[in-house]
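The values are calculated or read from the model by the stated rules, or taken from the named source; none is laboratory data. Just so we're clear, the structure is a prediction, and the values are computed from it rather than from any experiment. Heads up, the Cβs are rebuilt from the backbone with ideal geometry, glycines too, and the neighbour counts pull from every protein chain shown.
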Amino acid sequence: MTIQRREFVAALGGGVAVGLAGCTGSADDGGGPGVAGETLTLTTTTSTYDTGLLDELNAPFEDRYGVTVDAVAQGTGAALETARNGDSDVVMVHARSLEDEFVKSGYGVNRRDLMFNDFVIVGPEGDPAGIQGSDTATGAFWAIAEAKALFVSRGDNSGTHTKELAIWDAADVDPGGDWYRETGQGMGEVLNVANEQDAYTLSDRGTFLSQRSQLDLVILVQGPIEDGPERLANPYGIIAVNPAVHDHVNYDLAMAYIGFVTSPEGQRIIENYEANDEQLFYPRALSEDPDFQQYVPEGWEPDDDS
Amino acid sequence: MSPCSAAATVAPLAADCLLVTPLFEFPFESVYVRSIVFVSLYVSVLAVLLSTAVSLPVALVVGFSEFPGKRLLTSLINTGMGFPSVVVGLLVLFTVSSQGPLGELDLVFTKEAMIISQFVLATPAITAISLAAVTSVDSNLRDAARALGGTRLDVALVTIKEARYGIVTAVLAGFGRAISEVGSVLIVGGNIAGADGVSKTRTLTTAIQLEARQGRYETAMILGGILVVVVLAVNALVVRLGDDGVMR
Amino acid sequence: MTVGRGRAASRSTGSAGTLEAAGVSFDYGDGAVVEDVSLAVDSGEVVVVIGPSGVGKTTLLGLLALFERPDDGTVTFDGTDAWAVDESQRLALRRRIGVVFQDANLFDASVARNVEYGLRIRRSWRDRIRDALGSVIGPDRPPGAVREALSVVGMADDLDSPAASLSGGEAQRVSFARALAYDPDVLLLDEPTSDLDPRNTAVIEDAITEAGERGIGVVVATHDMHQARRIADRVAVLLDGTVLESGPTDAIFENPADERTRKFVEGELVY
């Protein structure tokens, strides 16, 4: 879809007349038995949305069930908050600690691992802090702080921001000062800002790859997909909003959606989705062995009281 | 910019230029842009119509009657013109959220919620400018309408007719505020487009914001151009309607 | 007809088209005072209220037009006390009265739309909405009464002219036609020619005379004694908010009873 849209707009740029008359047609179609005709509200992160993956996933789901998926792209924090208010039916996010908190406090149920990619540390080719080839993310961050090289932070309580703060914490650095800039914007904008300012930033691989053709930034520290440090792993989870807390949420449809995206078909779509000839996400729901960890809080042990 | 350079920068698909060059022939994907323009117009036009229906009576009552607190109300209306749209968006979100007073109506991330927030944004502007317009109507004309046998309603209608240019300005100012505003519709509407590329709550402004977020500035610029064309077209249409037709 | 001073001089009449103020007093609070004035006009007669500027002529006309409720006294129309009935009945009475002001006060519309205004607002809302919609689609066809009223003041050729394009005199003539078009029983005119040149003044004065001949009761307030003499059947001299003296035109001008009236008509009394 994204590609098609670009074609059209390119055509407009070429001087196709803008026919504004007769602008009719609305997405609202109702009716139908069962879940057909119903609408699922999905709050998710900008990284899944902006890469175009969601359109690929949602179209076959909508076709199969005759439903509509309203995908709202927010940061992970905002997506969870919207769900907490009962304004969405299912969330797809990437910050395990926040997800656990969301489930623990009773707002979410039936969390499943969905897919993963990884984070990369990107920066200007000149690499003023000399982080290229660092073995650890913490070492790279420490070097950036030491060199007081420009670093652009999401600063928006998103999954990426949460990850970034965790790395600073592990590196025992309290970021601040002139070199550290919070934008409070989405990943795409942060990459643009970092690009303009020759700054470092932490990005999910997917968004970086889908935007790379317009950026001068390069990957300086790889994530685990390219044998980088495990700390830069970026797992995505999907959680239904608890109908016991918000009785008006569309739980059946949420579970149908979770079932679809974690099914072999959904996982195949994720595996095959490419931007600029590169795979962006790696399926995680299908595995030979049961993955008990996806159902319990991170680091949970059977004898844990919590 | 040439179509090929646009396509080449936005996506490496230069060959496709050959497919989309003919004039007046929208490729199938135009449904995306058309639905966005439709949502923008639908939301803003309805919001402005509602605002006008509320603003004109309020302007007439405030303009031609004396009551305690009139000055306070007038300055509140004037202050409302500069009310930040994101704040309006937040307030409307709290109101329509399932935890809010209108939660039962299930309005979050719908066009109706966007209409509410644009209504809140446009009403002070339309009221304030209409108020200035109706109070500048010569009071002798109001007397004349009454002297010829007019009721209070007839006098009000004469006032509106005489102030029509100012009122048209007010409506256009409200429309301009509504359709070019991005903060509140993003918050309450959610910028939703379906997987089939049909906009549900995506407007021209939120689409521009989305494109800019992804660094596709050319696409954002083109959408911006469409927004400007839409605003100019609506302005021309309304001014024309005000010049002749009903207002004769 | 009765023009007189005080309640005692007034009378009750039930004849058609008689508008009567009896012993009315009114104080705007800004010095425009009317005190204990009685004045009546029967159908077909022209009564001129004469007096210098600022003596309460406009206030008196406002009371007769049922714009303001008198502090004291009554205003009756064909024997109905206009302020003893409810608002809708008062509106019905008001709608039998036409008013022309010193300024033309034309609406920003064509001459025809202006003159048709009184007719239009008397129609049912259904018809008014249909007319409004119809005027969007096609050209107006003003009713015959509009053309007729305009021909009285010699403006029938200007039906489609915008009101804003008229000269002051033409505008005032259209204003007169606007009040005439819905065929009122009584016409009230407040200094209708004081801003006009002699030619336009003559047109208006002829129209006033013609209105009287058609059976309309006319009250004209003016400071112009010569005009009063030209058009009046009866004259009332208003000074400082009260009627000094009233009677047939010739009697007042030839043989004034009051010394101040004599001074005024002879031009000695200047305010």
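Couple of notes before you dig in:
- Of all residues in segment C:90-118, those satisfying the criterion of being in a helix (DSSP H, G or I) and either closer than 29 Å to C:Glu20 by Cβ or of a type outside the set (Asp, Glu) (or both) are C:Arg90, C:Leu91, C:Ala92, C:Leu93, C:Arg94, C:Val111, C:Ala112, C:Arg113, C:Asn114, C:Val115, C:Tyr117, C:Gly118.
- Output for segment C:73-104, where each listed residue is in contact (Cβ under 8 Å) with a residue 60 or more places away in the chain and over 15 Å from the mean Cα position of the chain (by Cα): C:Gly73, C:Thr76, C:Asp78, C:Gly79
- Taken together, the residues in segment C:197-224 that are within 15 Å of C:Leu150 (Cα to Cα) and either in contact (Cβ under 8 Å) with a residue 60 or more places away in the chain or of a type in the set (Gly, Ala, Ser) (or both) amount to 3.
- If you go through segment A:189-207 and keep only what is within 13 Å of A:Val122 (Cβ to Cβ) and surrounded by fewer than 23 Cβ atoms within 10 Å (Cβ to Cβ), you end up with A:Val193, A:Asn195, A:Gln197, A:Asp198.
For (1) in a helix (DSSP H, G or I); (2) over 30 Å from C:Phe67 (Cβ atoms); (3) at pLDDT below 90, each residue gets a yes or a no:
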| site | (1), (2), (3) |
| --- | --- |
| B:Gly82 | no, yes, yes |
| B:Leu93 | yes, yes, no |
| B:Ser98 | no, yes, yes |
| B:Ile115 | yes, yes, no |
| B:Val120 | yes, yes, no |
| B:Thr123 | yes, yes, no |
| B:Thr127 | yes, no, no |
| B:Asn140 | yes, no, no |
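- The set of residues in segment A:168-180 being in contact (Cβ under 8 Å) with a residue 12 or more places away in the chain and either out of contact with any Leu (no Cβ under 7 Å at 6 or more places or on another chain) or in the same structural domain as A:Ala95 (by TED's automatic domain parsing) (or both) consists of A:Trp168, A:Ala170, A:Ala171, A:Asp172, A:Val173, A:Pro175, A:Gly177, A:Asp178, A:Tyr180.
- Residue in segment A:102-109 that is within 22 Å of the chain's Cα centre (by Cα) and not assigned by TED's automatic domain parsing to the domain that holds A:Val249 present: no
- Exactly one residue among A:Asp204, A:Asp252 is charged (D, E, K, R) and over 20 Å from the mean Cα position of the chain (by Cα), and that residue is A:Asp252.
- Looking only at segment B:216-232, and only at residues there that are surrounded by fewer than 22 Cβ atoms within 10 Å (Cβ to Cβ) and facing chain A (nearest Cβ under 9 Å), the one that is modelled with the lowest pLDDT: B:Tyr217
- Counting only residues that are surrounded by fewer than 24 Cβ atoms within 10 Å (Cβ to Cβ) and not in a helix (DSSP H, G or I), segment C:194-227 holds 10 of them.
- The lone exception for B:Tyr32 - which of (1) farther than 14 Å from B:Val120 by Cβ; (2) out of contact with any Ser or Thr (no Cβ under 8 Å at 6 or more places or on another chain) it fails: (2)
- Subset tally (residues that are at positive phi and either modelled with pLDDT of 75 or more or charged (D, E, K, R) (or both)) for segment A:267-301: 2
- Residue match in segment A:234-243 (condition: in contact with a strand residue (DSSP E or B) (Cβ under 6 Å, 6 or more places away or on another chain), hydroxyl-bearing (Ser, Thr, Tyr) and within 14 Å of chain B (Cβ to nearest Cβ)): no
- Inspection of segment A:117-126 finds a residue satisfying the criterion of being touching a residue at least 60 places away in the same chain (Cβ under 8 Å), closer than 17 Å to A:Thr44 by Cβ and part of a strand (DSSP E or B).
- Residues that are crowded, with 23+ Cβ neighbours inside 10 Å, in a loop (DSSP other than H, G, I, E, B) and not small (Gly, Ala, Ser) occur in segment A:264-280; there is at least one.
- When segment A:62-73 is filtered for residues that are more than 8 Å from chain B (Cβ to nearest Cβ) and either buried (at least 24 other Cβ atoms within 10 Å of the Cβ) or among the basic types (Lys, Arg) (or both), only A:Arg64 remains.
- Number of positions in segment A:54-77 that are within 12 Å of A:Leu42 (Cα to Cα) and out of contact with any helix residue (DSSP H, G or I) (no Cβ under 8 Å at 6 or more places or on another chain): 2
- Sub-6 Å Cβ pairs linking a first residue in segment A:188-201 that is away from every other protein chain (no Cβ under 14 Å) to a second residue that is among the hydrophobic types (A, V, I, L, M, F, W, C) and assigned to a helix (DSSP H, G or I), at least 6 apart or interchain, are A:Tyr200/A:Ile144, ordered by first then second residue.
- Restricting attention to segment B:147-162, the residues being under 17 Å from C:Val174 (Cα atoms) and either part of a helix (DSSP H, G or I) or under 32 Å from the mean Cα position of the chain (by Cα) (or both) number 1.
- Test: A:Val67 is within 23 Å of A:Pro264 (Cβ to Cβ) and either among the β-branched types (Val, Ile, Thr) or outside the structural domain of A:Glu271 (by TED's automatic domain parsing) (or both): yes
- Residue list for segment B:154-209, restricted to those being on the phi > 0 side of the Ramachandran plot and of a type in the set (Gly, Ala, Ser): B:Gly190, B:Gly197
- Unique residue being under 17 Å from the mean Cα position of the chain (by Cα) and either surrounded by fewer than 24 Cβ atoms within 10 Å (Cβ to Cβ) or of a type outside the set (Val, Ile, Thr) (or both) when the list is A:Gly177, A:Gly130, A:Gly186, A:Gly139: A:Gly186
- Test: residue in segment B:130-140 that is surrounded by fewer than 22 Cβ atoms within 10 Å (Cβ to Cβ), within 19 Å of C:Asn105 (Cα to Cα), more than 9 Å from every other protein chain (Cβ to nearest Cβ) and not hydroxyl-bearing (Ser, Thr, Tyr): yes
- Only residues that are part of a strand (DSSP E or B) and in contact (Cβ under 8 Å) with a residue 40 or more places away in the chain were counted in segment C:24-72, giving 18.
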